[in-house]
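Written out below as structure tokens is the structure these notes cover.
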Amino acid sequence: MDAPRFAYQPLPVRVVFGAGVLEDLPAEVDALGLSRVLVLSTPGRRADAGRVAALLGGRAAGVHAGAVTHVPAGVAAEACRAAADAEADGLVSFGGGSAVGLAKAVARETGLPAVAVPTTYAGSEMTPVWGMTEDGVKRTGRDPRVLARTVLYDPSLTLGLPPAVSAASGMNAMAHAVEALYAPDGAPVVSLMAEEAVRALAAALPEVVRDPGGLTARTEALYGAWLCGTCLGAATMGLHHKLCHILGGSLNLPHAETHTVLLPHALAYNAPAAPDAVRALRRALGRDDPARALWDLAGSLGSPRSLRDLGADPAHLDGVVARAVGGGFANPRPVEEAGLRALLGDAWEGRPPA
Ligand code: NAD
């Protein structure tokens, strides 16, 4: 490592981790001084969200099961109305990045404090980054008001996450750690978390896919996901996240799967300019070529490895290249057109990273 020079600002999130910690939710809500919290979830998880509300008893102001991916502005406005109608004094998001994203949108608008109970590996619960989609364009920003006050990570809540969703969600999480390792605002403690996160997820995911109901591997995967989310909250992401943002927004591709396909290629592109990151990932993955190791891992998990398989229209790829080249974002290697075309070509075809 070069002579260290860094700034690091830990975020004030209380984290409670372990199988069964959902039982602590009422006490955690009390500790925040909240007495009427609205429980937010996706429509498919309404029944489980209802059980969370039942656990909260008189502290629950109701369930709003309206979350959808990428937080459409109308969906956010509806949730704000639901919170006002219920006279909620706080929010509990129950679910993955979609439920957390909706809580953030409401918190940003109303200032209501939020508790997150994540049930995927997306990591949004550890970040002050909000997103909102309007007229097909997703805007994101950082705002301390959207940061969860408390996060309860209960691996037993992830046992029902289907293997394919678990695999893609875990690869999505690893992308946060990988890009934190070469971020312009990285720090030694963030790199330690990132390396440990990749190690934990790479070890746990094959077992999660083999036996989705096994609590030991689920616990290690969620532990890795927490670290990945912390990395995402602490460091500025680069080319990989930029490409996923553009592809997800303009081509409407599935979020976690898009991350899964692109991560090995984005890492291969950046590797020559990020030797410290490559060294850390070699240790974490136990392989000389971390980009190839991640591509192999995705294959062994049965995850998609080509943009074509995700339903991307190749006619849009020129536009993606143009937006990324002109994107003006931090990245260890300059983002130039020919390299980007080659990267997307490999990702389109499902070839191993070059
Ligand atoms: P998601 O929240 O949409 O969940 C995927 C699906 O799995 C949903 O249908 C959900 O109902 C279901 N599900 C969730 N947990 C389950 C469980 N334990 N058992 C069974 N089914 C379950 O998807 P995601 O990948 O978690 O999040 C993606 C969204 O999060 C995207 O909109 C992305 O942009 C956002 N995100 C934001 C940040 C940030 O910092 N702002 C970080 C990561 C992701």
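The values are calculated or read from the model by the stated rules, or taken from the named source; none is laboratory data. None of the values given here were measured: they were computed from a predicted structure. Ideal geometry is used to build each Cβ from the backbone, glycine not excepted, and the neighbour counts take in all protein chains shown.
What the table below lists for this structure:
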{"read-out": "Cβ pairs under 8 Å, 6+ apart, first in the stretch 41-68 and within 14 Å of the ligand (Cβ to nearest atom), second basic (Lys, Arg)", "value": "Val63/Arg46; Ala65/Arg45; Ala65/Arg46"}
{"read-out": "Residues of the stretch 220-245 satisfying the condition of being closer than 18 Å to Pro304 by Cβ and of a type in the set (A, V, I, L, M, F, W, C)", "value": "Leu243, Cys244"}
{"read-out": "Residue in the stretch 162-197 that is surrounded by the most Cβ atoms within 10 Å (Cβ to Cβ), counting only those that are more than 25 Å from Glu23 (Cβ to Cβ) and among the hydroxyl-bearing types (Ser, Thr, Tyr)", "value": "Tyr182"}
{"read-out": "Selection from the stretch 83-116 of residues that are more than 21 Å from Pro26 (Cβ to Cβ) and either surrounded by fewer than 19 Cβ atoms within 10 Å (Cβ to Cβ) or in contact with a Lys or Arg (Cβ under 7 Å, 6 or more places away or on another chain) (or both)", "value": "Ala84, Asp85, Arg108, Glu109, Thr110, Gly111"}
{"read-out": "Qualifying residue in the stretch 118-131 (condition: assigned by TED's automatic domain parsing to the domain that holds Gly58, over 15 Å from Thr230 (Cα atoms) and out of contact with any strand residue (DSSP E or B) (no Cβ under 7 Å at 6 or more places or on another chain))", "value": "no"}
{"read-out": "Yes/no for Leu317 being away from the ligand (no atom under 16 Å from the Cβ), within 17 Å of Ala197 (Cα to Cα) and surrounded by 15 or more Cβ atoms within 10 Å (Cβ to Cβ)", "value": "no"}
{"read-out": "Selection within the stretch 144-161 - exposed (fewer than 13 other Cβ atoms within 10 Å of the Cβ) and closer than 17 Å to Gly123 by Cβ", "value": "none"}
{"read-out": "Residue match in the stretch 304-319 (condition: hydrophobic (A, V, I, L, M, F, W, C), under 13 Å from His240 (Cα atoms), assigned to a loop (DSSP other than H, G, I, E, B) and touching a Leu at 6+ places or on another chain (Cβ under 9 Å))", "value": "no"}
{"read-out": "Residue list for the stretch 117-134, filter: surrounded by fewer than 22 Cβ atoms within 10 Å (Cβ to Cβ) and in a loop (DSSP other than H, G, I, E, B)", "value": "Pro128"}
{"read-out": "Every residue from the stretch 135-164 that is assigned to a helix (DSSP H, G or I) and within 7 Å of the ligand (Cβ to nearest atom)", "value": "Leu157, Thr158"}
{"read-out": "All strands (runs of 3 or more DSSP E) inside the stretch 1-87 with 3 or more residues being more than 30 Å from Val137 (Cβ to Cβ)", "value": "14-17, 60-64"}
{"read-out": "Answer from Ser169, Ser93 - the residue that is hydroxyl-bearing (Ser, Thr, Tyr), within 13 Å of the ligand (Cβ to nearest atom) and not assigned by TED's automatic domain parsing to the domain that holds Ala221", "value": "Ser93"}
{"read-out": "Met193, sole failed condition from (1) within 14 Å of the ligand (Cβ to nearest atom); (2) touching a Leu at 6+ places or on another chain (Cβ under 9 Å); (3) of a type in the set (A, V, I, L, M, F, W, C); (4) more than 30 Å from Val320 (Cα to Cα)", "value": "(1)"}
{"read-out": "Matching residues in the stretch 101-134 - criterion: being of a type in the set (Val, Ile, Thr) and within 13 Å of the ligand (Cβ to nearest atom)", "value": "Val117, Thr119, Thr120, Thr127, Val129, Thr133"}
